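*Asks:* The structure is given below, and queries will be raised subsequently.
The values are calculated or read from the model by the stated rules, or taken from the named source; none is laboratory data. These figures come from a predicted structure and were not determined experimentally. Here the Cβ positions follow ideal geometry from the backbone for every residue, glycine too, while neighbour counts run over all protein chains shown.
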Amino acid sequence: NTTQPILHVRDLHVAYGRVEALYGISLKVGAGEIATVIGPNGAGKSTMMNAIAGVLPAYARTAGKVELQGEDIATVPVEDRLARGLCLVPETRALFATMPVEDNLLLGSYSRYRAGDRHYADQLDMVYELFPRLKERRKQQAGTLSGGERQMVALGRALMAKPRLLMLDEPSLGLAPRIVQEILHIVARLKQTGVATLLVEQNARAALQVADYAYVLETGNVALEGPARELAGDPRVIETYLGLS
Ligand code: ATP
């Protein structure tokens, strides 16, 4: 495959002081693809996401390359990464609790559109089409939504920025299985828009169902990688990450 990936991470190292968290990991995500990173607690998944997004704490040291559409952005500030189309939906979701749903969504478009630009209206329509429930609740305070609805707002807000690379950190956290399926179904639909998605998940079963390609991260190394369907059938993955159910 000769087409350039949207995201290409090469030999990424991260250390917090003397504690190394990533020992040179490499991964790729192409346009319209979903890549997932699964692995146990403490493996370095959040560190990897934060390093790619440029939001590591100042005392963290990094080495290696983070290429977005062929350009190394490893030392580019977070706001410039956003302007280049990289958008992280953090585990915390970080909504403005006392603001209505719609204002939370509109905040996502500020990196993309200047004041007075009407194009955000089309993007808002697209988000409401994906999440009809948010349209119904557009005037409701975000802090009063259910967990699943809040995850929808966090995802919708990221889409308002028209990302090229969408990074989702544990979108299933704290959600009921049915809601997890609903959210991942929407993530799968986004492939048609050409966005590249990097999905970090504890819920390996759900992640492998929706992803095209998967990486298993263990103690700061990529222990295993391959097409998601193949990994879902790999005995080591089944034993360690999928249980026997
Ligand atoms: P979890 O699924 O539990 O969130 P994770 O795979 O996301 O785990 P990280 O949070 O990236 O793993 O942690 C990787 C390693 O780096 C751990 O040993 C952790 O203690 C350490 N670490 C993470 N953040 C910091 C930090 N800000 N300062 C120092 N060490 C850190």
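*Asks:* Taking segment 90-109, which residues are in a loop (DSSP other than H, G, I, E, B) and touching a residue at least 12 places away in the same chain (Cβ under 8 Å)?
*Replies:* Just the residues of segment 90-109 that are in a loop (DSSP other than H, G, I, E, B), to begin with: 90-99, 108-109.
Listed by number, the residues that qualify are P90, E91, R93, A94, L95, F96, A97, T98, M99, G108, S109.
*Asks:* State which residue pairs qualify: first residue within 20 Å of V195 (Cβ to Cβ) and at pLDDT 95 or above and inside segment 15-42, second residue near the ligand (Cβ under 8 Å from one of its atoms) and of a type in the set (V, I, T) in any location, beta carbons under 7 Å apart, and separation of 6 or more residues or different chains.
*Replies:* Listed pairs, sorted by first residue: V37/V200.
*Asks:* Surrounded by 14 or more Cβ atoms within 10 Å (Cβ to Cβ) and within 15 Å of the ligand (Cβ to nearest atom), is that true of L68? Before you say what the answer is, go through the steps one by one.
*Replies:* Details: surrounded by 14 or more Cβ atoms within 10 Å (Cβ to Cβ): yes; within 15 Å of the ligand (Cβ to nearest atom): no.
No.
*Asks:* So which of A63, A58, A43, A74 ends up being part of a strand (DSSP E or B) and more than 16 Å from P163 (Cα to Cα)?
*Replies:* Details: A58 fails: part of a strand (DSSP E or B); A43 fails: part of a strand (DSSP E or B); A74 fails: part of a strand (DSSP E or B).
None of the other options fit; the residue is A63.
*Asks:* Looking at A188, is it under 23 Å from K135 (Cβ atoms), modelled with pLDDT of 90 or more, surrounded by fewer than 21 Cβ atoms within 10 Å (Cβ to Cβ) and of a type in the set (G, A, S)?
*Replies:* yes
*Asks:* Would you check which residues across segment 28-55 are surrounded by fewer than 21 Cβ atoms within 10 Å (Cβ to Cβ), away from the ligand (no atom under 16 Å from the Cβ) and of a type in the set (A, V, I, L, M, F, W, C) and list them?
*Replies:* If the condition is that a residue be surrounded by fewer than 21 Cβ atoms within 10 Å (Cβ to Cβ), away from the ligand (no atom under 16 Å from the Cβ) and of a type in the set (A, V, I, L, M, F, W, C), then A31 is the only one that fits.
For (1) touching a Gly at 6+ places or on another chain (Cβ under 9 Å); (2) closer than 28 Å to L242 by Cβ; (3) among the polar types (S, T, N, Q), each residue gets a yes or a no:
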position	(1), (2), (3)
L7	yes, yes, no
H13	yes, no, no
L22	yes, yes, no
K28	no, yes, no
G32	yes, yes, no
T36	no, yes, yes
L56	no, no, no
E71	no, no, no
V78	yes, no, no
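*Asks:* Right, R81: surrounded by 17 or more Cβ atoms within 10 Å (Cβ to Cβ) and either farther than 24 Å from V195 by Cα or among the basic types (K, R) (or both) or not? Walk me through it before giving the result.
*Replies:* Numbers: surrounded by 17 or more Cβ atoms within 10 Å (Cβ to Cβ): yes; either farther than 24 Å from V195 by Cα or among the basic types (K, R) (or both): yes.
So R81 passes the test.
*Asks:* Just one of the numbered conditions (1) in contact with an Asp or Glu (Cβ under 6 Å, 6 or more places away or on another chain); (2) in a helix (DSSP H, G or I) is not true of Y215; which one?
*Replies:* (2)
*Asks:* Additional query: If a residue must be exposed (fewer than 15 other Cβ atoms within 10 Å of the Cβ) and more than 9 Å from the ligand (Cβ to nearest atom), how many such residues does segment 6-27 contain?
*Replies:* Residues of segment 6-27 exposed (fewer than 15 other Cβ atoms within 10 Å of the Cβ): 11, 16-19, 26.
Retained after the next criterion (residues that are more than 9 Å from the ligand (Cβ to nearest atom)): 11, 18, 26.
The qualifying residues number 3.
*Asks:* List the number of the failed condition for T3; all other conditions in (1) loosely packed, with under 14 Cβ neighbours inside 10 Å; (2) at pLDDT 95 or above; (3) in a loop (DSSP other than H, G, I, E, B) hold.
*Replies:* (2)
*Asks:* Look through segment 174-212, keep the residues that are out of contact with any strand residue (DSSP E or B) (no Cβ under 9 Å at 6 or more places or on another chain) and not in a helix (DSSP H, G or I), and return whichever of them is nearest to the ligand (Cβ to nearest atom).
*Replies:* Here the answer is G174.
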